[in-house]
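Contents: one structure, followed by commentary.
The values are calculated or read from the model by the stated rules, or taken from the named source; none is laboratory data. Values in this document were obtained by computation on a predicted structure and should not be read as measured data. Note that each Cβ is placed from the backbone with ideal geometry, even for glycine, and that neighbours are counted across all protein chains shown.
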Amino acid sequence: MAFLEPDRYFARLSRIDIDRDLIERGFRNVLLDVDNTILTRDTHEVPRDVGVWLARARDAGIAFCLVSNNWHEGVYRLANRLSLPIVAKAVKPLPPAFLAALGKIGAKRSETVVVGDQLVTDVMGAHFLGMQAYLLAPLVEQDLPHTLLLRNFERVVMAGRQPEGAGVPSAAQPVEASAAPADREGAEACGSAKTEGTS
């Protein structure tokens, strides 16, 4: 089961400390899942805390490429609104999409971490290529039927392991007026990144 176990497990994307958990560990690049990682499955929106985190990470020099098994047009619109490269129709956990994503951002595997909400697609895909993987708890419980079945398997693998940052109040509320301008801009951009028809 070790091959399926994530290197780290977080409650949500914004619980990953950009300096401590990425930069200080040598990660300059993130291959990022979409559905239920940065985009809610139920309302198809990017939470504001996720938008703020993405803006801060990019300001810190982190490069991103979205990697999604999604094949709908909405996922491309989302990537365009976030100004991020994307490899869709990825067929994760197979390696080709991860390799294509690395190529899009000129990244080395040793300097890249895969972040997503599923063991079988994101974590296994990363470990196939010798990359580290950060698992996130899904943003919402709603998901595709086959994914819900896989969640039962994931619970067995994780054996009650609790995500880092669990129980910390969500920062998904509107950004405070005192927030830095770049943070507000990032949140506003992501807040407008609602997309329909993704799955």
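A few remarks follow.
- Residue in segment 41-58 that is in contact with a Leu (Cβ under 6 Å, 6 or more places away or on another chain), in contact (Cβ under 8 Å) with a residue 12 or more places away in the chain, within 16 Å of Leu129 (Cα to Cα) and not aromatic (Phe, Trp, Tyr) present: no
- Hits in segment 26-63 (condition: within 21 Å of Thr121 (Cα to Cα), of a type in the set (Ser, Thr, Tyr) and surrounded by fewer than 23 Cβ atoms within 10 Å (Cβ to Cβ)): Thr40
A quick yes/no check of all residues on (1) more than 16 Å from Leu82 (Cα to Cα); (2) not in a helix (DSSP H, G or I):
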| position | (1), (2) |
| --- | --- |
| Pro6 | yes, yes |
| Tyr9 | yes, yes |
| Asp21 | yes, no |
| Phe27 | yes, yes |
| Leu31 | no, yes |
| Thr37 | no, yes |
| Arg41 | yes, yes |
| Glu45 | no, yes |
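- Count of segment 82-96 residues, restricted to those that are within 15 Å of the chain's Cα centre (by Cα) and part of a helix (DSSP H, G or I), is 1.
- Screening the candidates Ala55, Ala79, Ala60, Ala101 for the property of being more than 16 Å from the chain's Cα centre (by Cα) and among the aliphatic types (A, V, I, L, M) yields one hit, Ala60.
- Listed by first and then second residue, the pairs with beta-carbon distance under 7 Å, at least 6 apart or on different chains, first residue in segment 18-33 and within 16 Å of Leu135 (Cα to Cα), second in a helix (DSSP H, G or I) and aliphatic (A, V, I, L, M), are Ile18/Ala57; Asn29/Ile105; Leu31/Ala101.
- Exclusive hit being modelled with pLDDT of 85 or more, over 26 Å from Pro96 (Cβ atoms) and within 16 Å of the chain's Cα centre (by Cα), set Leu119, Leu139: Leu139
- Leu66 vs. criteria farther than 21 Å from Val123 by Cβ and either modelled with pLDDT of 95 or more or crowded, with 22+ Cβ neighbours inside 10 Å (or both): no
- Glu45, sole failed condition from (1) closer than 19 Å to Leu136 by Cα; (2) at pLDDT 95 or above; (3) of a type outside the set (Ser, Thr, Tyr): (2)
- Test: residue in segment 56-73 that is touching a His at 6+ places or on another chain (Cβ under 6 Å) and either farther than 19 Å from Glu164 by Cβ or not in a strand (DSSP E or B) (or both): no
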